[in-house]
Structure formats: C-alpha cells, structure tokens
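The structure appears below as structure tokens.
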Amino acid sequence: MCIIQLRLNDNETYRKEVSLLVNKIAELRKQKGYTQQEFAKRLKISVDYLNRIERGRKDPSIKLAVRIAKNLDCTLNDLFF
C-alpha cells in the first residue's frame, strides 16, 4: 500500500487511501438503501461523525471499519479497494 499525503494548508491534508475508503463507504451505503441517518444509527455513531468519515475529514478506527463492513455485508478489502 502506498500512502500519498499532501498538506494543502494548515487545516487540510489530502490522502489518497482515505479518499478510496470514503468513496466506497458512501457508495456501498447508498447501494444498500441506507440514509446517513439510518446507517449512523446502525453503527451507533452520530450522523455528523459518519458524514465526516464519508467526506474524508475523519478516519474510522479499525474497530469502526469492521462494524461498517459487517453492516454493509462486505469485507474490509471491499471498503478499501
């Protein structure tokens, strides 16, 4: 795995891996027909936190990534690649 990280300014960092994960979570959530509100409730996290994960503002912990994969009936590999 290659990590590409660019610091855009004091508050923004671009990381390639996060973008791939974020895009997959939102895409897979929508394919399952969950709104952000419904999915956040299933994960027992706030809608704001899920929104930040999907937009790449926060990285999910490994434990949360496992819960996300389980709730989307996919593997961690499916989320990342």
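The values are calculated or read from the model by the stated rules, or taken from the named source; none is laboratory data. Values in this document were obtained by computation on a predicted structure and should not be read as measured data. With ideal geometry, Cβ positions are generated from the backbone for all residues, glycine too; neighbour counts draw on all protein chains shown. These area figures cover heavy atoms from the full protein model, side chains too; ligands, DNA and RNA do not enter into them. Shrake-Rupley method; radii C 1.70, N 1.55, O 1.52, S 1.80 Å.
Some notes on this structure:
One line per residue, one yes/no per condition, for (1) among the aromatic types (Phe, Trp, Tyr); (2) in contact with a strand residue (DSSP E or B) (Cβ under 9 Å, 6 or more places away or on another chain); (3) buried (at least 17 other Cβ atoms within 10 Å of the Cβ); (4) part of a helix (DSSP H, G or I):
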position	(1), (2), (3), (4)
Glu38	no, no, no, yes
Lys41	no, no, no, yes
Tyr49	yes, no, no, yes
Arg52	no, no, no, yes
Asp59	no, yes, no, no
Val66	no, no, no, yes
Ala69	no, no, yes, yes
Cys74	no, no, no, no
Leu79	no, no, yes, yes
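- Among the residues of the stretch 7-36, the ones that are modelled with pLDDT under 70 and open to solvent by 90 Å² or more (accessible area, probe 1.4 Å) come to 1 in all.
- Unmet requirement for Ile45, which otherwise passes all of (1) touching a Ser or Thr at 6+ places or on another chain (Cβ under 7 Å); (2) without any contact (Cβ under 8 Å) to a residue 40 or more places away in the chain: (1)
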